[in-house]
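One structure is given here, and the rest of the page talks about it.
The values are calculated or read from the model by the stated rules, or taken from the named source; none is laboratory data. Keep in mind that what you see is a predicted model, and the values were worked out from it rather than measured. In this analysis, Cβ positions are derived from the backbone assuming ideal geometry, glycine residues included, and neighbour counts consider all displayed protein chains.
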Amino acid sequence: MGSYSTWSCLKYIPNRLAGVAFIVPVVNYRWPSLPDSLIREDYRRKLVQWSIWFANHAPGLLYWWATQKWLPSTSVLERNPLFFNDRDIDTLKTISGFPMLTQDKLRERSVFDTLRRDFMLAFGKWEFDPMGITNPYTKNESSVHIWQGYEDKVVPVQLQRFVSGKLPWIRYHEVPDGGHLIVHYNGVCEAILRALLLREEAVLYRPRKARVLP
């Protein structure tokens, strides 16, 4: 979720960034450059639209749904194949999951309100389109990377490929059997750091196919 603020830094203060690594960053369906043909049938789009509506107009109802115990709510996220691929689900068995999304944490109104505002900002209307950002590092003084799982069920690979195709100055990496939790996979975090700090590129994480462009 921190990607929305990082895009803003790239837009307005790129000279203050030594480098950037986006890891499965959210793609906002309201960005003008996203073609409708790419997102028309994406079920996530409707899910985001409904969630934004409730976050704006019925935050109390959303809070109740997220914190009550007698209906499935945030608990359905954990190990749900709708959101995670097989490798993600295996990973969730060895990590603590999402502590900010547990019902106990969400009952803290400050935590709930922080997550609600983050969500509204990330998927709300922006004052700029990230795909309109020109390369601020023409002398290669810094590097920007996007890391994406090919099997990510939260942020579709097709959208991420489109974004990176529009911004060829950003180095795009793709984990072949990766879902949304690639940062927790053995070896991937090291590869992210080596690419960012040493500018190494692992052949394993090159995209399988050509990037999808309109």
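Looking only at region 167-187, how many residues end up being assigned to a helix (DSSP H, G or I) and either surrounded by fewer than 21 Cβ atoms within 10 Å (Cβ to Cβ) or more than 17 Å from the chain's Cα centre (by Cα) (or both)?
Matching residues across region 167-187 total 2.
In this structure, does residue 200 turn out to be acidic (Asp, Glu) and more than 18 Å from residue 91 (Cα to Cα)?
Yes: the conditions hold for residue 200.
So how many residues does region 130-139 have that are in a loop (DSSP other than H, G, I, E, B) and either modelled with pLDDT of 95 or more or surrounded by 12 or more Cβ atoms within 10 Å (Cβ to Cβ) (or both)?
5
Tell me the residue from 142, 110, 164 that is of a type in the set (Ser, Thr, Tyr), over 14 Å from the mean Cα position of the chain (by Cα), farther than 20 Å from residue 43 by Cβ and outside any loop (DSSP other than H, G, I, E, B), please. Step through it out loud before you land on a result.
Numbers: 142 fails: outside any loop (DSSP other than H, G, I, E, B); 164 fails: over 14 Å from the mean Cα position of the chain (by Cα).
After ruling out the rest, the residue left standing is 110.
Give me the pairs, please: first residue somewhere in region 1-29 and surrounded by 14 or more Cβ atoms within 10 Å (Cβ to Cβ), second residue anywhere and of a type in the set (Asp, Glu) and in a loop (DSSP other than H, G, I, E, B), beta-carbon distance under 8 Å, and either six or more positions apart or on two chains.
Between residues of region 1-29 that are surrounded by 14 or more Cβ atoms within 10 Å (Cβ to Cβ) and residues that are of a type in the set (Asp, Glu) and in a loop (DSSP other than H, G, I, E, B), the close pairs are 24/152; 29/42.
Counting just the residues of region 57-82 that are among the aromatic types (Phe, Trp, Tyr) and surrounded by fewer than 16 Cβ atoms within 10 Å (Cβ to Cβ), which one comes out modelled with the lowest pLDDT?
Filtering region 57-82 for residues that are among the aromatic types (Phe, Trp, Tyr) and surrounded by fewer than 16 Cβ atoms within 10 Å (Cβ to Cβ), the one modelled with the lowest pLDDT comes out as 70.
Filter region 162-214 for residues that are modelled with pLDDT under 95 and touching a Pro at 6+ places or on another chain (Cβ under 7 Å); which is nearest to residue 143 (Cα to Cα)?
Ranking the candidates gives 208 first.
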